[in-house]
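The values are calculated or read from the model by the stated rules, or taken from the named source; none is laboratory data. Because the structure is a prediction, the values reported are computed rather than measured. Please note: Cβ atoms are built from the backbone with ideal geometry, for glycine as well, and neighbour counts cover all protein chains shown.
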Amino acid sequence: MPRNPSTGVYSKPAGTTPSVGQIIDPAPWNQLTSDLGNEITNSLPRDGSAPMVAPIKAASGTVSAPGVGFASNPQTGIYLKGGGLLGFTQNGVDVTFDKGMVYAAKSGDYTALASDDNAVHRFTAAATLTLTAAATLGANWHYVAIADGGDVTIDPNGSETIDGAATLVVPNGYSAFIICSGSAFFTNKVLTRLVAKADSSAVGSFVDGLTLSNNTGSPNTHVDFAAGSARSGSLFVSSAGSFTKRINGTWAVGTGSGGLDAGSVAANASYFAYALRKTADGTFDVVFSTSATIGGVTTTLLTGYSIVKCIGGVLTDGSSNIRQFTMNPRDDYTFTSPVKDAVNAAISTTSALLALTVLNGVKAKAKVRFEFTSSATTNAALLSDPAQGSLTSGIGGDGANVGTIQVASGFAVSSQEIWTNTSRQIRYVAGASGNLWVWTDGFIFPCGRNA
């Protein structure tokens, strides 16, 4: 072949450049015509009627003069970058294409590498995502972390930051798009705005539904919770149907299971019911505790759950059975059988404290009825909130709420709702000596229900 395969330059065979009057030798001329026919055959038709049968070898070109361009726009096309990389240019400007996206599931802690550029990793459990040094990952490195089973904490290398902070928590159910600048990390702020929106819409604390009642089949040991929801700040949980917990067993997952955070059921005790949210899927559960605060609940058995809010309470009697009750709107409890908390108790001009059958450890509004007798006529009694201090009974003092004795040793009766202190107590005092009977019909323990 007279065409040089390296340079593509065609050279005629020798003896094919005749002079005037020279007799033409057919051999070289036949070779020439044969070569020309072959080269025409090996040429690519401009009309595209035939394809190439071997790779096209284009010039390397540059970003402003690509090796493969277009007649109408020679600055748009393909060129060879340094390092043997393929480059694309558009109007003389380099066009960058992303790497292929790679998906993987992660069940625990992970360190993101340079090879994870444009990766999408779904974390199926709570985990820490450690980022390799930004200088190593390089500018434009990017990555998506999906929290789908627990919160994911993103921890940059050393003192490097993400969105200006030392770490970033991706809450369960959210995702974050992470970008490296070569010296620090940033997100596209979508997560920040979503979390901020969720927080702003989650402000406040309430209980809707979730009313308590004695279980029909096992009223002494089991408590039913109606469908409803509870929120405290950003924590929210709901139950689509009735849910049951028993107070005579330690806590276990699910309706009908034990509900105590620790120990065993005791006599004459207070048990507070707390709504739980499972971190992994947001499902509802309940735990009972003698603690009047979330901070005091024993959480040993509650791994994987968050305590959302107190949603009510129950009392046990001397036999460690749940006192029968009816729960009315606005966190109002009425005992099926009134409790006698004072029987013929001595009352005098000295103020004293009386413990009632209400929840211990919190202030509750006791629903009480009184009966008062005294040998002194014009004598009256005053029962009050201990927060008011020691009061004096009578028209010359702080008044009364049990009627004046009109006949010596006669009876006066009354009823009232009175706030207790956190030790279940109210104060009582009279204008003169006498005796007092007190019945507790129930109590109001505010948990945030408006209905």
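Six or more apart or on different chains, Cβ under 6 Å: which pairs go from a residue in the range 432-451 that's under 15 Å from LEU315 (Cβ atoms) to one that's among the acidic types (Asp, Glu) and modelled with pLDDT of 95 or more? Could you list them?
THR440/ASP341; ILE444/ASP331; ILE444/ASP332; PHE445/ASP331
Please specify each residue of the range 157-170 satisfying the condition of being surrounded by 15 or more Cβ atoms within 10 Å (Cβ to Cβ) and either out of contact with any strand residue (DSSP E or B) (no Cβ under 9 Å at 6 or more places or on another chain) or assigned to a loop (DSSP other than H, G, I, E, B) (or both).
ASN157, GLU160, THR161, ASP163, listed by residue number.
For GLY282, indicate whether it is under 15 Å from the mean Cα position of the chain (by Cα) and surrounded by fewer than 20 Cβ atoms within 10 Å (Cβ to Cβ). Even if it seems obvious, please write down each step before you answer.
Details: under 15 Å from the mean Cα position of the chain (by Cα): yes; surrounded by fewer than 20 Cβ atoms within 10 Å (Cβ to Cβ): yes.
Considered against the rule, which asks whether it is under 15 Å from the mean Cα position of the chain (by Cα) and surrounded by fewer than 20 Cβ atoms within 10 Å (Cβ to Cβ), GLY282 comes out as yes.
Here are some conditions: (1) exposed (fewer than 10 other Cβ atoms within 10 Å of the Cβ); (2) aliphatic (A, V, I, L, M); (3) in contact with a Gly (Cβ under 7 Å, 6 or more places away or on another chain). VAL9 meets all but one. Which one does it not meet?
Of (1) exposed (fewer than 10 other Cβ atoms within 10 Å of the Cβ); (2) aliphatic (A, V, I, L, M); (3) in contact with a Gly (Cβ under 7 Å, 6 or more places away or on another chain), only one is false for VAL9: (3).
Residue check: is THR373 out of contact with any His (no Cβ under 8 Å at 6 or more places or on another chain) and within 20 Å of SER393 (Cβ to Cβ)? Write out each step before concluding.
Numbers: out of contact with any His (no Cβ under 8 Å at 6 or more places or on another chain): yes; within 20 Å of SER393 (Cβ to Cβ): yes.
Yes.
Pick from SER423, SER415: which is over 28 Å from SER232 (Cβ atoms) and small (Gly, Ala, Ser)? Before you say what the answer is, go through the steps one by one.
Numbers: SER423 fails: over 28 Å from SER232 (Cβ atoms).
That would be SER415, the only listed residue that is over 28 Å from SER232 (Cβ atoms) and small (Gly, Ala, Ser).
Provide a single number: the residues in the range 92-111 that are modelled with pLDDT under 90 and either part of a strand (DSSP E or B) or of a type in the set (Phe, Trp, Tyr) (or both). Before you say what the answer is, go through the steps one by one.
The first filter runs over the range 92-111 and keeps only residues modelled with pLDDT under 90, leaving 92-102.
Restricting the remaining residues to those that are either part of a strand (DSSP E or B) or of a type in the set (Phe, Trp, Tyr) (or both) gives 93-95, 97, 102.
Result for the range 92-111: 5.
For (1) free of Cβ contacts under 8 Å to residues at least 12 places away in the same chain; (2) within 21 Å of ILE179 (Cα to Cα); (3) under 32 Å from the mean Cα position of the chain (by Cα), each residue gets a yes or a no:
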{"residue": "LYS81", "(1), (2), (3)": "yes, no, no"}
{"residue": "LEU85", "(1), (2), (3)": "yes, no, no"}
{"residue": "ALA104", "(1), (2), (3)": "no, yes, yes"}
{"residue": "HIS121", "(1), (2), (3)": "no, yes, yes"}
{"residue": "ALA126", "(1), (2), (3)": "no, no, yes"}
{"residue": "ASN140", "(1), (2), (3)": "no, yes, yes"}
{"residue": "GLY149", "(1), (2), (3)": "no, no, yes"}
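Going residue by residue through the range 120-135, is there one that turns out to be of a type in the set (D, E, K, R), closer than 30 Å to THR96 by Cα and touching a Leu at 6+ places or on another chain (Cβ under 9 Å)? If you could, list the steps in order and put the result at the bottom.
Taking the range 120-135 first, the residues of a type in the set (D, E, K, R) are 122.
If we keep only those that are closer than 30 Å to THR96 by Cα too, we end up with 122.
Okay, now just the ones that are also touching a Leu at 6+ places or on another chain (Cβ under 9 Å), so none.
No, there is no match, as no residue in the range 120-135 is of a type in the set (D, E, K, R), closer than 30 Å to THR96 by Cα and touching a Leu at 6+ places or on another chain (Cβ under 9 Å).
Can you go through ILE426, ILE405 and tell me which one is assigned by TED's automatic domain parsing to the domain that holds VAL343 and closer than 18 Å to GLY389 by Cβ?
Details: ILE405 fails: closer than 18 Å to GLY389 by Cβ.
The unique qualifying residue is ILE426.
For the range 236-261, enumerate the residues that are surrounded by fewer than 20 Cβ atoms within 10 Å (Cβ to Cβ), hydroxyl-bearing (Ser, Thr, Tyr) and in contact (Cβ under 8 Å) with a residue 24 or more places away in the chain.
Selection gives SER238, THR244, THR250.
Yes or no: LYS57 within 54 Å of the chain's Cα centre (by Cα), in a loop (DSSP other than H, G, I, E, B) and on the phi < 0 side of the Ramachandran plot? Walk me through it before giving the result.
Details: within 54 Å of the chain's Cα centre (by Cα): no; in a loop (DSSP other than H, G, I, E, B): yes; on the phi < 0 side of the Ramachandran plot: yes.
The answer is no for LYS57.
Assess whether GLY295 counts as being surrounded by fewer than 15 Cβ atoms within 10 Å (Cβ to Cβ) and assigned to a loop (DSSP other than H, G, I, E, B).
On the way: surrounded by fewer than 15 Cβ atoms within 10 Å (Cβ to Cβ): yes; assigned to a loop (DSSP other than H, G, I, E, B): no.
So GLY295 does not fit the description; no.
Does any residue of the range 364-376 turn out to be closer than 30 Å to ASN214 by Cβ, under 41 Å from the mean Cα position of the chain (by Cα), surrounded by fewer than 15 Cβ atoms within 10 Å (Cβ to Cβ) and not charged (D, E, K, R)? Walk me through how you get there before you give the answer.
Let us first name the residues in the range 364-376 that are closer than 30 Å to ASN214 by Cβ, namely 364-371.
From what's left, under 41 Å from the mean Cα position of the chain (by Cα): 364-367.
Subsequent filtering for residues that are surrounded by fewer than 15 Cβ atoms within 10 Å (Cβ to Cβ) retains none.
No, the conditions are met nowhere in the range 364-376.
Could you identify the single residue in GLY204, GLY217, GLY233 that is surrounded by fewer than 20 Cβ atoms within 10 Å (Cβ to Cβ) and either touching a Phe, Trp or Tyr at 6+ places or on another chain (Cβ under 6 Å) or at pLDDT 95 or above (or both)? Lay out the reasoning, then the answer.
Values: GLY204 fails: either touching a Phe, Trp or Tyr at 6+ places or on another chain (Cβ under 6 Å) or at pLDDT 95 or above (or both); GLY233 fails: either touching a Phe, Trp or Tyr at 6+ places or on another chain (Cβ under 6 Å) or at pLDDT 95 or above (or both).
Answer to the selection: GLY217.
Inside the range 115-129, can you point out the residues that are hydrophobic (A, V, I, L, M, F, W, C) and surrounded by 17 or more Cβ atoms within 10 Å (Cβ to Cβ)? Spell out how you get there, then give the answer.
Of all residues in the range 115-129, those hydrophobic (A, V, I, L, M, F, W, C) come to 119-120, 123, 125-127, 129.
Those that are hydrophobic (A, V, I, L, M, F, W, C) and surrounded by 17 or more Cβ atoms within 10 Å (Cβ to Cβ): ALA119, PHE123, ALA125, ALA126, ALA127, LEU129.
Among (1) surrounded by 15 or more Cβ atoms within 10 Å (Cβ to Cβ); (2) of a type in the set (Gly, Ala, Ser); (3) outside the structural domain of VAL287 (by TED's automatic domain parsing); (4) modelled with pLDDT under 95, where does ALA134 come up short?
(4)
VAL314 fails exactly one of the following numbered conditions: (1) assigned to a loop (DSSP other than H, G, I, E, B); (2) crowded, with 17+ Cβ neighbours inside 10 Å; (3) out of contact with any Asp or Glu (no Cβ under 8 Å at 6 or more places or on another chain). What is the number of that condition?
Tallying (1) assigned to a loop (DSSP other than H, G, I, E, B); (2) crowded, with 17+ Cβ neighbours inside 10 Å; (3) out of contact with any Asp or Glu (no Cβ under 8 Å at 6 or more places or on another chain), VAL314 fails exactly one: (1).
Working only within the range 136-156, note down all residues that are closer than 24 Å to LYS99 by Cα and in a loop (DSSP other than H, G, I, E, B).
Hits for the range 136-156 are GLY138, ALA139, ASN140, TRP141, PRO156.
Considering only residues that are surrounded by 10 or more Cβ atoms within 10 Å (Cβ to Cβ) and either in contact with a Ser or Thr (Cβ under 7 Å, 6 or more places away or on another chain) or part of a loop (DSSP other than H, G, I, E, B) (or both), which ones fall in the range 19-39?
Residues satisfying the conditions are ILE24, ASP25, PRO28, TRP29, LEU32.
Out of the range 208-264, which residues are among the β-branched types (Val, Ile, Thr), under 22 Å from ARG449 (Cα atoms) and out of contact with any Leu (no Cβ under 6 Å at 6 or more places or on another chain)? Step through it out loud before you land on a result.
Going through the range 208-264, the residues among the β-branched types (Val, Ile, Thr) turn out to be 211, 216, 221, 223, 237, 244, 247, 250, 253, 255.
Subsequent filtering for residues that are under 22 Å from ARG449 (Cα atoms) retains 211, 223, 237, 244.
Of everything in the range 208-264, those that are among the β-branched types (Val, Ile, Thr), under 22 Å from ARG449 (Cα atoms) and out of contact with any Leu (no Cβ under 6 Å at 6 or more places or on another chain) turn out to be THR211, VAL237, THR244.
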